[in-house]
Amino acid sequence: MPEITHGGRTWRVANGSNLLDALNDAGLNVPFSCRAGSCHACLVRCLEGEPQDARPQALDSARRLEGWRLACQCSVTGNLDVATFDPAREGLPARVEGFDWLDDRVLRLRLIPERPLRYYPGQHALLWNNHGVARPYSLASVPWEEHWLEFHLDCRHSGAFCNSARTLIVGDSLRLGQLHTGALRYEPEWHMRPLLLLAAGTGLAPLWSLVREALQQGHQGPIRLLHFCRGGSYLREPLENLAELNGNLSVECVDWEQAGSRLQSLQATSRQEIALICGGRAFVEDCAKRMFLAGLPRGQILSDAFLTRQSGV
């Protein structure tokens, strides 16, 4: 049986054990959110030994050379000496600049990192609170307009991170993990192509960033943005104002009760259309399937799903 060492403590585990489970079964409380290699909350550093990694491409080569691995994607097949990620030492401090409720469910959090970060619309970041709880959130800000990083937190349900976020005040400090790039992005060569943006709940956050990025870059093709939500879009007024200023942008807020029928009627405007989709896993998979059946090639359907323990819209 292979052995795991952490901080001078050593114990045996069954060959092939998942590294995240092995660490947490030993009481180390390594955070995780998605267990799919997307959120990067379960970063650990292999000081000695090498686990079997199911998704080596999920980390950039520089981090891998430093020994970092995503514990949820690793199997223990030999002896390992590991160190867990310490946000106090390895995270970037960020000060709470703004804190307000966009409606009774969505908390807008604005952070100013200790040093400037270069980022792109569509990326997401790992946020750590002072209790060692980490969660990934998509960026809702745009780097050319805002000097802060903006995140939209869905606080409908109780959770370790959201519960602590409710108590934040301006001036408090959080820690930022490394920024990560998912599938969502805007490419300048798309400037004449139709865009279809489909968001559920706070899946609107990265699409709010991306639609402003597209317009800033002079996008000429039509842009359709549909926000599926309960009780009205939390960004209804800013979206409508943006549409009034840009004739090629149309915005539609769809009540969640009507989501099925609206999606069923949704058609691609042409085979050149690019679909950008964000929300809970079930919503994203349903939308992607429908747009593929509507005639869009898979390479033109880009999506990020919120892979949380309680995945939802």
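A few comments on the model shown:
- Kyte-Doolittle at least 0.0, axis length at least 30 Å by Cα - qualifying DSSP helices, the chain: none
- Relative contact order of the chain: 15 percent, from C-alpha pairs under 8 Å at least 6 residues apart in sequence.
- R0 of 22 Å, Cβ-Cβ distance Asp103-Glu240: FRET efficiency to nearest 0.05: 0.90
- Magnitude of the charge dipole, the chain, Cβ model with Lys/Arg +1 and Asp/Glu -1, debye to 20: 400
- Among beta bridges that DSSP assigns inside the chain, antiparallel share in %, nearest 5: 60
- Mean-position separation - Cα centroids, segment 214-237 and segment 155-188, in angstrom: 21
- Rounded to the nearest angstrom and listed largest first, the equivalent-ellipsoid semi-axes of the chain from its Cα gyration tensor are 36, 22, 18.
- Within the chain, the longest run free of trypsin sites (Lys or Arg not before Pro) that sit in a DSSP loop with at most 13 other Cβ atoms within 10 Å is 1-117.
- Remark on Val30: its backbone amide H falls under 5 Å from those of Asn24, a criterion applied only to residues 5 or more positions apart or on other chains, H modelled at 1.01 Å from N.
- For Cys34, solvent-accessible area (1.4 Å; no DNA, RNA or ligand), Å²: 20
The values are calculated or read from the model by the stated rules, or taken from the named source; none is laboratory data. What you are looking at is a predicted structure, and each value in this text was computed from that prediction instead of being measured. So basically every Cβ, Gly included, is an ideal-geometry build from the backbone, and we count neighbours across all protein chains shown. Heads up: the accessible areas ignore ligands, DNA and RNA and are worked out on the full protein's heavy atoms, side chains in. Shrake-Rupley method; radii C 1.70, N 1.55, O 1.52, S 1.80 Å.
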